[in-house]
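The values are calculated or read from the model by the stated rules, or taken from the named source; none is laboratory data. In this text the structure is predicted, and so the values were computed from the model without any measurement. No Cβ is skipped: glycine too gets one built from the backbone with ideal geometry, and neighbour counts run over all protein chains shown. To get the accessible areas, we keep the full protein, side chains included, count just its heavy atoms, and leave off ligands, DNA and RNA. Shrake-Rupley method; radii C 1.70, N 1.55, O 1.52, S 1.80 Å.
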Amino acid sequence: MENPLRSHYQEELTEAGCDEAGRGCYAGPVFAAAVILPPGFFHPLLNDSKQVTPEHRNELRGYIETNALAWAVARVDHDEIDRINILKASFKAMHLALDQLRPKPRLLLIDGNRFTKYKRIPHRCIVKGDSIFASIAAASILAKTWRDEYMRGLHTEFPHYRWDSNKGYGTKEHRDAIERFGLCKYHRRSFNISPEPDPQEQLNFMD
């Protein structure tokens, strides 16, 4: 099966793809991943995590973690999201993931249209980059699977919000639980959470 993703942005510099997961959620941390792939890296299922089934995401996670030249995952919790805002928290999570990479990349490929410069390493912001470049797609898979696993752990503490299935997004079951039980300590207070649906959150939610 041919994979339409581009293997690299350029060939001279070691590049890392970066992406986040959980930016639009009502509860829990935002996660980010950074991935450096070797030349010739390929998996036919690799794509933007939102286009991949949960079973295939877990398969891809193992393949990426085994075969990447380097990878790292980091998170910023709900309290810090409330303190500094979700956009800055997303960038901070990416920076924390990049801090862990060995070897260090010399070019960063960032999913989206904005980023806060990381040290002195040049970066390129690429809208829908997780459906264009393999390294960003790999980062999206790691960020999503690590965050989903984390939210399943939080579900055991607050099962009535059903974070095992909605992962903290603003689904109807989550909003209904908020209306009935109120907010818990893992909810993002700065999000002005309402029991009414946010159409954008529904678009962002993928199980």
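Assorted remarks:
- Tabulated pairs, the range 82-106, first closer than 15 Å to residue 23 by Cβ and among the acidic types (Asp, Glu), second open to solvent by 70 Å² or more (accessible area, probe 1.4 Å) and part of a helix (DSSP H, G or I), C-beta under 6 angstrom, 6+ apart or interchain: 82/189
- No other residue among 179, 157, 149 is open to solvent by 40 Å² or more (accessible area, probe 1.4 Å), of a type in the set (D, E, K, R) and within 13 Å of the chain's Cα centre (by Cα) apart from 149.
- For residue 19, the stated conditions hold: it is open to solvent by less than 60 Å² (accessible area, probe 1.4 Å), modelled with pLDDT of 95 or more, under 18 Å from residue 110 (Cβ atoms) and not hydrophobic (A, V, I, L, M, F, W, C).
- Index of the failed condition, residue 169 passing every other in (1) closer than 22 Å to residue 55 by Cα; (2) part of a helix (DSSP H, G or I); (3) open to solvent by 10 Å² or more (accessible area, probe 1.4 Å); (4) out of contact with any Lys or Arg (no Cβ under 6 Å at 6 or more places or on another chain): (2)
- Yes/no for residue 196 being at pLDDT 95 or above, more than 21 Å from residue 51 (Cβ to Cβ) and assigned to a loop (DSSP other than H, G, I, E, B): no
- Close pairs from the range 45-58: first free of Cβ contacts under 8 Å to residues at least 60 places away in the same chain, partner outside any loop (DSSP other than H, G, I, E, B) and open to solvent by less than 50 Å² (accessible area, probe 1.4 Å), Cβ under 8 Å, at least 6 apart: 45/60
- Residue check for residue 164: in a helix (DSSP H, G or I), touching a His at 6+ places or on another chain (Cβ under 6 Å), open to solvent by 20 Å² or more (accessible area, probe 1.4 Å) and farther than 19 Å from residue 62 by Cα: yes
- Restricting attention to the range 87-99 and to residues that are within 17 Å of residue 140 (Cα to Cα) and not small (Gly, Ala, Ser), the residue that is most open to solvent (accessible area, probe 1.4 Å) turns out to be 92.
Every residue, every condition in (1) among the basic types (Lys, Arg); (2) touching a strand residue (DSSP E or B) at 6+ places or on another chain (Cβ under 8 Å); (3) within 25 Å of residue 5 (Cβ to Cβ); (4) at pLDDT 95 or above, yes or no:
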residue	(1), (2), (3), (4)
105	no, yes, yes, yes
126	no, yes, yes, yes
147	yes, yes, yes, yes
154	no, yes, no, yes
166	no, no, no, yes
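- Residue 43 passes every criterion in (1) within 16 Å of the chain's Cα centre (by Cα); (2) surrounded by 15 or more Cβ atoms within 10 Å (Cβ to Cβ) apart from (1).
Residues checked against (1) under 16 Å from the mean Cα position of the chain (by Cα); (2) open to solvent by less than 60 Å² (accessible area, probe 1.4 Å):
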{"position": "60", "(1), (2)": "yes, yes"}
{"position": "71", "(1), (2)": "yes, no"}
{"position": "105", "(1), (2)": "no, yes"}
{"position": "111", "(1), (2)": "yes, yes"}
{"position": "124", "(1), (2)": "no, no"}
{"position": "137", "(1), (2)": "yes, yes"}
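- Filtering the range 35-44 to residues that are closer than 13 Å to residue 135 by Cα and not in a strand (DSSP E or B) leaves 37, 38, 39, 40, 41, 42, 43.
- Pairing residues of the range 147-166 that are at positive phi with residues that are open to solvent by less than 40 Å² (accessible area, probe 1.4 Å) and assigned to a helix (DSSP H, G or I), at Cβ distances under 8 Å and at least 6 apart in sequence or on separate chains, gives 162/155; 162/174; 162/177.
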